[in-house]
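The values are calculated or read from the model by the stated rules, or taken from the named source; none is laboratory data. All of these numbers come straight from a predicted model, not from anything done at the bench. Heads up, the Cβs are rebuilt from the backbone with ideal geometry, glycines too, and the neighbour counts pull from every protein chain shown. The protein model used for the area step is the full one, side chains on, heavy atoms only, and it has no ligands, DNA or RNA in it. Shrake-Rupley method; radii C 1.70, N 1.55, O 1.52, S 1.80 Å.
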There are 2 protein chains.
Amino acid sequence: MTSDTIVGMARWQPDARGRLEAAALELFRERGFEQTTVTDIAARAGLDKRTFYRLFGDKREALFSGGKLLEEVVIKAVAETEATPFETVIAAFRRVADEIFAGRLDMVRVRQSVIEANPELQERELRKMGSLAAAVAAALRDKGVGETTATLATESGITVFRVAFARWVAAGNDASLTDLIIEVAAELRAVTSAPEPHSDLGQS
Amino acid sequence: MTSDTIVGMARWQPDARGRLEAAALELFRERGFEQTTVTDIAARAGLDKRTFYRLFGDKREALFSGGKLLEEVVIKAVAETEATPFETVIAAFRRVADEIFAGRLDMVRVRQSVIEANPELQERELRKMGSLAAAVAAALRDKGVGETTATLATESGITVFRVAFARWVAAGNDASLTDLIIEVAAELRAVTSAPEPHSDLGQS
DNA sequence: ACGGTGATGTCACAAGATGACATCGTCCTC
DNA sequence: GAGGACGATGTCATCTTGTGACATCACCGT
């Protein structure tokens, strides 16, 4: 411990990773994803193209670094919660809402607008969701939940989260993400409940 | 209409598109997706790389051309079915099962094994599912179903289809896809039904 | 100082993807 | 049935993505 910095991290440029992420987000917003070259991103961050590829798998990945943390939080929450499989997943996502997204609406909106403008980025987002789903389902199985039930509870829970998230991000909304998740979960239960003759309970 | 052929299609080589798809599937199976170059595919089909790109958006797309037909069938089925939103979606996918997938288990298995071996292809599959979901939800809204309900019914329906499909493709299974969809739908209802006995709904 | 270590820069290159332009069958018209 | 329009295809050039190989350079402990 000679004195100052924690070894093993940034050396020349402080927080190369963070700078690249910031540069990427900026450029994607300014010119769009396709019009931004990896070399551009690296240049704005004062680094080389090659360094970018050492830190990120590909160009899109610069926007999806938070996914790892999110997955960790969800998995932990699933492991610690005692309830119905579906309820467990919902509870886990509520924890994510509180611990990760609370108070970051503005940042989330910017990110989301960039993603929505590019099919390639949407594709990557879907993939992240997919791997998240796999991880959650695995966590449920570790608790003794059956294969199919684990998958169905997970997918349903993610659907709820997705819809609640979209509603949260939408303009003119002051409800918290946590509360929205509860609301949407209730709606999902209504939608999938018993076949019903044909009463057509007018949704709108 | 001078006489024989339907104009506007293949000229030099008959059914260039189909030949490229076949060549792509073959090569992906033989050497894998990454190890196959677009030039290889075109060569095996007796065409040029540039022609491939005129017919398909990118390399992956050669495997996902059936998606369009599938979407059409689902949309039509949704429009023609009278039932609960969720039931409607389930019915629509059952029709897809009968009209498109019935009797093609072997082909589906080959395709699926190729996709499962490659993250990039999985990504594309997810995207196809996403656009399918959007189309189904839109079809539901056209029938007067509310925004949220439409989305939840659609996503739930797709989840059911996905699980049933996976079960169908899995080895050692002789049940029809249609029947599997019904089974899984029932399981989903069970999983998402009421919060259960000992009230632990205190999370807020 | 000195060498080791790890992060970064430089160079080279295969493959993906696309625009511009040349070709060449096929069909239409006279 | 010759000639031109048209559309599908081939050719060429170019940019970008992504990666391997190797040189550098700062920082570390000794």
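General observations
- Hey, residue B:43 more than 9 Å from DNA strand D (Cβ to nearest atom), out of contact with any Leu (no Cβ under 8 Å at 6 or more places or on another chain), at negative phi and not β-branched (Val, Ile, Thr) or not: yes
- Boolean, residue B:72 is assigned by TED's automatic domain parsing to the domain that holds residue B:120 and not aliphatic (A, V, I, L, M): yes
- Hey, residue B:31 near DNA strand C (Cβ under 9 Å from one of its atoms), surrounded by fewer than 13 Cβ atoms within 10 Å (Cβ to Cβ) and not acidic (Asp, Glu) or not: no
- Within segment A:19-42, the set of residues being more than 15 Å from residue A:111 (Cα to Cα) and free of Cβ contacts under 8 Å to residues at least 12 places away in the same chain comprises A:35, A:37, A:39.
- Selection within segment B:34-58 - more than 15 Å from residue B:121 (Cα to Cα), open to solvent by 50 Å² or more (accessible area, probe 1.4 Å) and among the charged types (D, E, K, R): B:44, B:48, B:49, B:50, B:54
- Test: residue A:120 is touching a residue at least 12 places away in the same chain (Cβ under 8 Å) and within 14 Å of chain B (Cβ to nearest Cβ): yes
- The listed residues are B:140, B:188, B:180, B:132, and the only one of them that is surrounded by 17 or more Cβ atoms within 10 Å (Cβ to Cβ), in contact with a Lys or Arg (Cβ under 8 Å, 6 or more places away or on another chain) and not aromatic (Phe, Trp, Tyr) turns out to be B:180.
- Selection within segment B:142-163 - assigned to a helix (DSSP H, G or I), free of Cβ contacts under 8 Å to residues at least 24 places away in the same chain and more than 7 Å from chain A (Cβ to nearest Cβ): B:147
- Positions within segment B:18-34 being in a loop (DSSP other than H, G, I, E, B) and either modelled with pLDDT under 95 or away from DNA strand D (no atom under 13 Å from the Cβ) (or both), in sequence order: B:32, B:33
- Within segment B:48-77, the set of residues being outside any helix (DSSP H, G or I) and in contact (Cβ under 8 Å) with a residue 24 or more places away in the chain comprises B:56, B:64, B:65, B:66.
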